[in-house]
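Down below is the structure, laid out as structure tokens.
Here, each number is a calculation from the coordinates, and none is a lab measurement. This one's a predicted model, so the numbers in the text were calculated from it and none came from an experiment. Cβ coordinates were reconstructed from backbone atoms using ideal geometry, including for glycine residues, and neighbour counts include every protein chain displayed.
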Amino acid sequence: MKYVKLSIQEPVAVVTIDRPDCLNALNSQVFREISATLQEVEANDQVRVVILTGAGDKAFAAGADIAQMVHENGKQGKELALLTHQAGDLLENIRQVTIAAVNGYALGGGCELALACDIRIASENAHFGLPEVGLGILPGGGGTQRLSRIIGVGRAKELIFTCDQVDAQEAYRIGLANHVVPQEELMDACMAMAKKIASKASFAVTMAKNAINVSMSADMKSGCSKEQDLLGLLFATQDKQEGMTAFLERRKPNFTEF
Ligand code: DAK
């Protein structure tokens, strides 16, 4: 891979967007490589959590590659749309938990990738923003849909209409970042959370992720119905037996299913 690096430290995979010269700007090739890497990781039973980050200390990703987009016509725009949505859908729906380690600017398509992750942890120098309408387009990688679900419609509209950026503390205040940490502690903080999540029953975590994701597009009744189905499924697992038995025997559980 040219622009995306994968490092696996079981049970965690770190996926790094690696174009620091242009602040990890996302061209078609980057999106393709992110998706291919996520597909590879999803097939790996040993990986339970994926951390997505950007190379260097300045940017997670400063958006889609403007130098590429400036030359593109409608057909190419549509092609880019498919690639951006494929990467976002994978981050949102793969069976592993995805954490965005936002190590600087997360703008435009970069912000949209972070929004597609399950959890966002920001370094103190992080900035989030969707500058698209200032470029004559709109956030087309899921930003108009995911931002409002995460921070509410009113705030999402303001950020998208004004192109204002929010710094890490403001992102934390409005629920866009789960945590803010000093930059030098970012990967350790993400790794600690990843290991904590990986110590739980992984299949149950995946089912919980599925149930929560369903809530974003279903009404309460269908969402609760899905939750009940998944819970029924989990009651039939070895890990449920192990988790409850371990509690009663006052020992640590040894989960095996994924
Ligand atoms: N694309 C290309 N190159 C970029 C870039 C970008 N998005 N962002 C930065 N760079 C390059 C700069 O051109 C510069 O290159 P050189 O001049 O050194 O060759 C280098 O990275 C360093 O950037 P700066 O010199 O500008 O660094 P500063 O610290 O001064 O400023 C900045 C940092 C992040 C504030 C600034 O670089 C900036 O405003 N960058 C652009 C942010 C932006 O507007 N991003 C694009 C948003 S639009 C779609 C789906 C999604 C999208 C589009 C379509 N479909 C479904 C069809 C997404 C669109 C977007 O993301």
Alpha-carbon radius of gyration plus Dmax, which is the widest Cα pair, for segment 120-198 in Å: 13.9, 42
28 Å Cα-Cα threshold exceeded, pairs from K58/K195; K221/K252; K209/K252; K157/K195; K75/K226; K5/K157: K221/K252; K157/K195; K75/K226; K5/K157
Additional length obtainable on full extension of the chain from Q169 to E40, 0.36 nm per residue less Cα span: 43.0 nm
Cβ-based charge dipole, segment 96-239, positive-most Cα from L176, G134, V166: L176
Shape of the chain, Cα gyration tensor, a/c cut at 1.5: prolate
Acute angle (nearest 10 degrees) that the helix 238-248 long axis makes with the longest principal axis of the chain, alpha-carbon atoms: 70
For the chain, built as a Gaussian network whose Cα springs stay under 10 Å, the top-fluctuating residue of D65, D18, D229: D229
Net charge dipole size for the chain [Lys, Arg +1 and Asp, Glu -1 on Cβ; Debye, nearest 20]: 520
Degrees, to the nearest 10: 74-93 long Cα axis against longest axis of the chain: 30
Shape category assigned to segment 191-258 from the gyration tensor of Cα positions, a/c cut at 1.5: oblate
Additional length obtainable on full extension of the chain from K157 to V70, 0.36 nm per residue less Cα span: 28.8 nm
Tensor-based shape of segment 84-139 (alpha-carbon gyration tensor, a/c under 1.5 rounded, otherwise prolate or oblate): oblate
Crossing angle, helix 28-42 versus the chain [Cα axis fit, 0-90 degrees, rounded to tens]: 0
Per-residue [θ]222 nm for the chain (sum of -39500 (n - 2.57) over DSSP H runs n ≥ 4, rounded to 500): -15000 deg cm²/dmol
For the chain, built as a Gaussian network whose Cα springs stay under 10 Å, the top-fluctuating residue of S222, S202, S148: S222
Extension gain, R250 back to K221 (0.36 nm per residue minus Cα-Cα distance, nm): 6.8 nm
